[in-house]
Structure formats: C-alpha cells, structure tokens
Amino acid sequence: MRTVTLEQPGRFTFGDTDRPQTPGADEALVRVLTVGICGTDLHAFEGTQPFFHYPRVLGHELAVEIVATGDGVTGFEPGDRCAVNPYLACGACTACLRGRTNCCAKMTVFGVHVDGGMRDVIVLPAALLYRCTKLEPAQIPLVETLSVGAHAAGRAAVEAGDRAIVLGAGPIGLSVIEFLRLAGADVAVVEKLPERLQFAASHYRLQRYYPSHDEARQEEPSGLVFDCTGDRGSMEASIHLLQQGGKLIFVGLINDRVSLFDPDLHRREATILASRNSTPAEHHRVLDYMESGRIDVSRWPTEFTRPEKMQNRFPLWLRREAGIVKAVIDWS
C-alpha cells in the first residue's frame, strides 16, 4: 500500500509497505480518506517539533472509513466514516486516573510518537473512532483541531461576557475563537498576516482585531489571553495584554524556553495555564456541534490537495502562503 514517510526534516519518501489484513479484538481496519495538516506536521517537516523522532509516518488528523472490525467491536459497519482520536493514553497514571487523559504521563500520539495515517489502510483501536453521519471527509479531520480549542476554552473556564483575546488566527486560534464565541465571550484577535486577520474578523464579526501586540495594547487589556502562536516573542509579550487578576493560557507549543518578567506576573496576580491536546468528551462535543451546525468550518480557507504534491506544498504552508488556514490531503 502507499505510504509516505518523513525521513528527515524537509524530505518525504513515497513507498510501498505491507497492507494490514485482519483487525484484532477491539480493533478496526480502516481506509484513510483525508489527512489534515496541522502545526505539528509543519514543525516536524521544519525540524522544530518537540517530542519527535525521524523517520515517521505523519498524519493524526484523519477521516477514515471502516473496512472491517475485530471481535468485540460494536456500533460500526463497513463503509462508516469516522473521525479519529489520535491520543493513546495509558489509563493508569495520575493524570489518567483523574480523567485528564490529554496529559497522560505516557502519552503516545498517533502520527507523532508512532507512525500515523499517511497510509492507505491502518488498524486502530475501535475506541478511538467516532462515527460521523453528516460531515464530508474534508471536514472530519477538523474534529481533532476544534477539540484543542474546546479544551483551551475549558481550561480558562470562560464565561459569558468575559473579555478575551486570541493571539494567532491559524487553525488552533480559530478553534479557540469558536468556543469563546459559543460561551458568549467578548472576543478579539491579533494576527500579523493580513489575510488571516481579515478572515477571522469578518467570519466571526469581531469588533476588536489587531495586526500586532502593540496595536492591541492601545486598548483595555483582557481577562483571558490565549496565545496560539507557538512563537517565543508573542508568548513572552502576551502578559502585557492581560488584565489584573487575569488568566494567560498558552495553547501553542514551542521547542524553546519562554521567559516572563516576574514583576509583570506578580503585579497582575496572573494565572498561567498550559493547554495540551483534548479529551474524548471534547471530541464527542465537537462532533455533535459540527453535525448539528452549531460549528461550521466550511468557509475556513482550505487547500485540498493530493499526497504527491506535499513535498512542494509543505514549504509554502510553513510560510502560510495566501492566508491558507488549513491544508487537507485527499488520500482516497
């Protein structure tokens, strides 16, 4: 079967690998339909992704189709389309026992720590599959993306009327905006790329939107600041957008140290939170919202392309060419 491997930063290889045949107990054999490309994949291509080793088959944002199921699997039929939970938690560590499987001490992420979905057919635990009845394959990978936003908003315990600002209007930033909007928050955004800024402002009808931190600082600070950039400069400056007693939530990840000036932190009596991954409950919530129409990502600027184009397109996506928010690979 076709398999694409990221052999080293900047280089994919296209080859054939053995096709799995029969799923075991509690497993499902699935055909890959689409693969969403996120910051993790782009940073792996760039060579800057933490917790990553080469060579690796990428692909953790997936739409798949059931081919066959093993013993003990119920609720699925051949042909069912599914979203995939890419987080394999141990179930036994302190975090897992508290229900925080998203930060499992032994977390394994499909397509990051083990080979992922850039293959024709794969075998997955059936418990990680969520049947989709209405979504198209191009939208199904965004269940995982949006779940990250749902988790970040949950970490902040956002309430109606909260003044919030999101730094970065990429897919994760937009996902956070979605759930702030649903919670009734007063949302602003900072984004340096004009196309992304304009899309976020117009799509979500935002009254406050800024091309830089400096411009955002000219107005009243916010009680909730979500940094979704994964950029050190932005992360270190984000506290200057925070109200007294506010919460600063780091959603974006960077393979570097981040430094804050302690008096800026103490003067505000600020709460600093990290937000990592998402939980199965959040996946189910997102899927319900997408299929019911409460969340509609059909207008997100998306590039839909084929696997053979990836080698040339990845460098352009890294540069965020033409304001593309989401790239999706058609694997069918």
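The values are calculated or read from the model by the stated rules, or taken from the named source; none is laboratory data. Quick caveat, the model's predicted, so the values are computed rather than measured. Positions of Cβ are generated from backbone atoms using ideal geometry, with glycine treated the same way; all protein chains shown enter the neighbour counts. Heads up: the accessible areas ignore ligands, DNA and RNA and are worked out on the full protein's heavy atoms, side chains in. Shrake-Rupley method; radii C 1.70, N 1.55, O 1.52, S 1.80 Å.
So here's what we get for this one:
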{"quantity": "Built amide H within the under 5 Å cut-off of V121, gap 5+", "calculated": "V32"}
{"quantity": "Selection from P301, V57, V121 lying farthest towards where the dipole of the chain points positive, charges on Cβ", "calculated": "P301"}
{"quantity": "Tensor-based shape of region 41-97 (alpha-carbon gyration tensor, a/c under 1.5 rounded, otherwise prolate or oblate)", "calculated": "oblate"}
{"quantity": "Charge dipole magnitude, Cβ of K and R +1, D and E -1 - region 1-70, Cα centre, debye nearest 20", "calculated": "160 debye"}
{"quantity": "Segments 256-265, 294-303 sorted - mean Cβ within 10 Å per residue, highest first", "calculated": "294-303, 256-265"}
{"quantity": "Rounded percent of accessible protein surface that carbon and sulfur make up, region 175-317, 1.4 Å probe", "calculated": "46 percent"}
{"quantity": "Most mobile of K309, K134, K192 in a GNM of the chain (Cα contacts under 10 Å)", "calculated": "K309"}
{"quantity": "Lys/Arg +1, Asp/Glu -1 at C-beta; region 252-332 dipole; positive extreme among S259, Q311, L273", "calculated": "Q311"}
{"quantity": "Positive-end residue of A183, P221, G72, charge dipole of the chain with Cβ unit charges", "calculated": "P221"}
{"quantity": "Computed over region 192-332, Kirkwood Rh from alpha-carbon pairs, angstrom", "calculated": "17.8 Å"}
{"quantity": "Solvent-accessible area of W331 with every protein chain in place, 1.4 Å probe, in Å² to the nearest 10", "calculated": "10 Å²"}
{"quantity": "Accessible surface of region 45-89 [probe 1.4 Å, protein heavy atoms]: carbon and sulfur percent", "calculated": "48 percent"}
{"quantity": "Where H43, H284 fall by accessible area, highest first, once all protein chains stay in place (1.4 Å)", "calculated": "H284, H43"}
{"quantity": "Dipole moment magnitude, nearest 20 debye, the chain about Cα centre, only Lys, Arg, Asp, Glu C-beta charged", "calculated": "240 debye"}
{"quantity": "Per residue accessible area of the chain, 1.4 Å probe, in Å²", "calculated": "44 Å²"}
{"quantity": "C-alpha center-to-center spacing [region 254-332, region 134-194] in angstrom", "calculated": "9 Å"}
{"quantity": "Estimated dipole of region 1-144 in Debye, rounded to 20 [Cβ of Lys and Arg +1, of Asp and Glu -1, Cα centre]", "calculated": "340 debye"}
